[in-house]
Amino acid sequence: MTEVTFLGRGGQGAFTTSRILGAAASLYENKFALSFPSFGPERRGAPVFAYTKIDTVPIRNRSQCEYSDYIVVLDESLYDENLHKKLKPHGKIILNTPKEKSSPDIICFDATKVAQEYLGTAITNTAMLSVLVANTGLVSKDSLLAAIKYDMPLRIASKNQKLAQYIFTLTKGVGL
């Protein structure tokens with residue numbers, strides 16, 4: 001089973017991202033997927049974890065991911081060295097940052113810059129999901145694009161699809 005944790009702040013789309021990845025896997029790739037959020041009573045701006053589990057067999061374990069194959073950090077201010085302890089062996093952290101980190105288990109990408117350019121806002125969830133998918137092949141590019149269209153309102157789906165396609169051209173051969 002592949003387990004992905006998304007870490008963002010309320011309003012940044014961590015759960016939306018988790019849901020899109022799950023839809024891409026289950027609706028377009030004949031896999032089983034489970035996605036769910038975890039947050040407290042706080043709302044916008046508070047840390048939010050969202051999880052996606054993907055497998056070729058039904059997923060019975062509905063608990064949070066204790067250890068993840070990938071941790072996608074939408075907001076650099078939420079990055080903490082302790083996240084490395086939550087990775088499975090050979091796991092990776094995909095971090096939204098313009099900086100480079102000197103760690104073999106971190107992939108850095110400036111999703112804020114790309115989101116501003118394509119969406120006109122610093123909401124980085126689709127950009128970071130695209131970096132994950134482009135580097136891992138968890139689902140195909142076509143499945144991701146279809147899931148974006150399926151999950152998002154039409155007025156923003158097309159912009160997000162263009163952003164995702166652009167990310168695939170940037171991340172070819174980078175990262176994992």
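The values are calculated or read from the model by the stated rules, or taken from the named source; none is laboratory data. Note that the structure is predicted; figures quoted are calculated from it, not measured. Counting neighbours? That spans all protein chains shown, and the Cβs are built from the backbone with ideal geometry, glycine included.
Conditions (1) surrounded by 15 or more Cβ atoms within 10 Å (Cβ to Cβ); (2) farther than 23 Å from K88 by Cα; (3) free of Cβ contacts under 8 Å to residues at least 40 places away in the same chain, marked per residue:
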position: G13; (1), (2), (3): yes, yes, no
position: S18; (1), (2), (3): yes, no, yes
position: L21; (1), (2), (3): yes, no, no
position: A25; (1), (2), (3): yes, no, no
position: N30; (1), (2), (3): no, yes, yes
position: P47; (1), (2), (3): yes, no, no
position: Y51; (1), (2), (3): yes, no, no
position: I54; (1), (2), (3): yes, no, no
position: R62; (1), (2), (3): no, no, yes
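Would you call I54 part of a strand (DSSP E or B) and modelled with pLDDT of 90 or more? Judged against the criteria, I54 is a match. When the helices (runs of 4 or more DSSP H) confined to the stretch 61-176 are screened for residues that are in contact with a strand residue (DSSP E or B) (Cβ under 7 Å, 6 or more places away or on another chain), those reaching at least 2 such residues are found at 111-119, 125-136. Summed over the stretch 1-29, residues that are in a loop (DSSP other than H, G, I, E, B) and within 16 Å of I148 (Cβ to Cβ) total 2.
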